[in-house]
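Chemist: Here it is: the structure, laid out below.
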Amino acid sequence: MGNSGSTAPARLGKTHVPDLEWKVHDFSALLETKASSAISSFFHCSGYKWYLQVTPKHNQDAQVSPNRKQDDQGNPYVALSLMIFREGLEPASYNFNVKNTYSNKECLIPLEELLKSPAFLVDDSCVFGVEILKIDVSSPEMKSAVIQKKATTVQNLFVQKKGFIKGTYTWTMNNFLELDSQHFVRSPTFEVCGHKWYMGMYPRGDKSSTDCLALGLYAESSDELFIESRKVLQMSLSILDQKNGKYFTRTSGLLVCFSQGWSWSDFLPLKELQDLSRGYLIESNCVVKADLTIFGSSSDG
């Protein structure tokens, strides 16, 4: 696998067949967006959905576990992370590759080397890949997953340099304390960036985090045109401190359009939400906001 802090690349052999090859076009434009990360579309392996995350040098103070964005000397890196859309499973063993060069479970690519080396960056485009070798099961009710090899999934990410489409929507609730603590609550459907959305909330926490407000954004299922368009967007969700007129905000990386939504189970600790000095909850009034920016598009093949 190699040391995550090593700058000496290990070349992959011909026997390594990636499950995903993700070509990021206009890589310099991705850096210019200042996005904390970019996340691929889902790809399938052994019956499960996975996605690959590329974290550039920006927002270096944020924690992106298990990868860092700098080495011990403070030199910037681009980090790769593999994630699964399923609780109870972990991608225990896998290879990353960039132009068939790197093979590390925790892959940190020196940014300067990536930007200057023709082995990595060609016409401002870079191909990232991942090969899943083994899946661990953390839930006793589930059996170990067998890796079934198949043809490589190929995806493209196109990042715009200008002409971004932006929009915002505010959801004002005057009955927050009356909302059912056990069920999902959704906002009215609204239209932003030419498509239909709604915000969803677990007011007293979901099963993943029972001590936090869970908040997310979802595409309206009837908006089939949006799902097919494969647009790439960044979203921010905010809750208003009504006493001081300031927002607490969480911002995603760049996401390929999603029908199942994107959410934070730990958006805000309930003890902070219920702290009257913070102003997030005044009597039963609560105000949350969604901001969206479309940065590009995605395609297969």
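Chemist: In whole Å, what are the Cα extents of the stretch 165-300 along the three principal axes, biggest one first?
Modeler: 47, 30, 23
Chemist: Continuing with the same structure: Going by how many other beta carbons lie within 10 Å of each one, how would you line up TRP197, TRP262, fewest first?
Modeler: With the sparsest Cβ surroundings first, the list reads TRP262, TRP197.
Chemist: If we count every other residue with Cβ under 12 angstrom of PHE176's Cβ, Lys/Arg +1 and Asp/Glu -1, where does the sum land?
Modeler: -2
Chemist: Assign unit charges at the C-beta atoms only (+1 for Lys and Arg, -1 for Asp and Glu), then state the dipole size of the stretch 165-300 relative to its Cα centre in Debye, rounded to the nearest 20.
Modeler: Computed about the Cα centre, the dipole is about 320 debye.
Chemist: Further question on the same structure: Mind jotting down the distance between the C-alpha centroids of the stretch 162-224 and the stretch 119-133, whole Å?
Modeler: Distance between centres, Cα-based: 35 Å.
Chemist: Going by how many other Cβ atoms sit within 10 Å of their own, how do ASP19, ASP124 line up, fewest first?
Modeler: Fewest to most other Cβ atoms nearby, the residues stand as ASP124, ASP19.
Chemist: While we're here: If we count every other residue with Cβ under 12 angstrom of LEU281's Cβ, Lys/Arg +1 and Asp/Glu -1, where does the sum land?
Modeler: For residues surrounding LEU281, the net value is -1.
Taken together, the values in this text are just the output of simple stated rules run on the coordinates, not laboratory data. This is a predicted model, so every value here is computed, not measured. Note: ideal-geometry Cβ built from the backbone for every residue, glycine included; neighbour counts use all protein chains shown.
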